[in-house]
Amino acid sequence: MGIIYNTSMNPSKNELLAKWLVTQDFYDGQGAPDLQDVGGFRLEDPAGEVGMELRLVADRADRSEVIYHVPFSYRAEALEGAEAYLVGTSDHGILGLRYIYDATGDPVFTAQLNELLAGRAVPQHQNNSFEEDSNVRVLGNGVSGTLEVIRRPVAGEVSGQGVVGSWENALGQPLSGLVLRIA
């Protein structure tokens, strides 16, 4: 299980995400987003080289509070052939320069998602080291297929097969919904 470092990143994950998000076709905002972390979980790289985080953020720039789901992978070196997935680079206070990708283009992330679906990987708490996240559920454990990242998850939608994640609304109430779907 990975260590969560209590340090800063410059630029921060949300600063990088805000700039990248407005260039994506699933972005629904009108101008610059005001992002707040509201949930998510991590996956572990068995080799210990790639950090993986399935981020859930709320855009609170207006009253609609759209939730976005963006998986990130963090690497010490650039991933060859993945330039289209690069969100940006950031200086991690302990680990140094990190290349941050939309993890859908990272083969280590894809492999670990398949391990999660097969029941051989355990979701980790987003903010606590060495702690499993019991709020994440796999529907249809052991099922294989093409995974679709649900970029704008909706609370309560848990039909079909996939992965259910959890987040909090603006009032701090817990919500959950499908964040990955098996097609």
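Annotation for segment 93-141: chymotrypsin sites (Phe, Trp or Tyr not before Pro) lying in DSSP loop with at most 15 further Cβ atoms inside 10 Å of their Cβ are 130. Rounded to the nearest 20, the size of the Cβ-charge dipole of the chain about its Cα centre is 260 debye, with Lys and Arg at +1 and Asp and Glu at -1.
Residues whose amide H comes within less than 5 Å of that of residue 88, counting only those at least five positions distant or on another chain, are 100 (H built at 1.01 Å from N in the peptide plane).
Mean separation of Cα pairs under 8 Å and 6 or more residues apart, divided by the residue count, gives segment 73-183 a relative contact order of 18 percent. Think of the chain as having a plus end and a minus end, set by charges on the Cβ of Lys, Arg, Asp and Glu; of 103, 171, 22, 171 sits farthest toward the positive end of this dipole.
Each Cα pair under 8 Å and six or more residues apart adds its separation to the average, and for segment 30-87 the resulting relative contact order is 29 percent. Solvent-accessible surface of segment 57-183, averaged per residue with a 1.4 angstrom probe and all protein chains in place: 50 square angstrom.
Given a 1.4 Å probe and every protein chain left where it sits, what share in percent of the accessible area of the chain is carbon and sulfur?
Values: 4330 of 9410 Å².
Using a 1.4 Å probe with all protein chains present, the chain comes out at 46 percent carbon and sulfur.
Taking every Cα-Cα distance in the chain and sorting them into 10 Å bins from zero, the calculated P(r) comes out as 9, 38, 40, 13, 0 percent. Dipole of segment 1-73 computed with +1 at Lys/Arg Cβ and -1 at Asp/Glu Cβ about the Cα centre; of 12, 51, 70, farthest Cα towards the positive end is 12.
The values are calculated or read from the model by the stated rules, or taken from the named source; none is laboratory data. Quantities reported herein were computed from a predicted structural model and do not represent experimental measurements. Cβ: placed from backbone, ideal geometry, glycine included. Neighbour counts: every protein chain shown. These area figures cover heavy atoms from the full protein model, side chains too; ligands, DNA and RNA do not enter into them. Shrake-Rupley method; radii C 1.70, N 1.55, O 1.52, S 1.80 Å.
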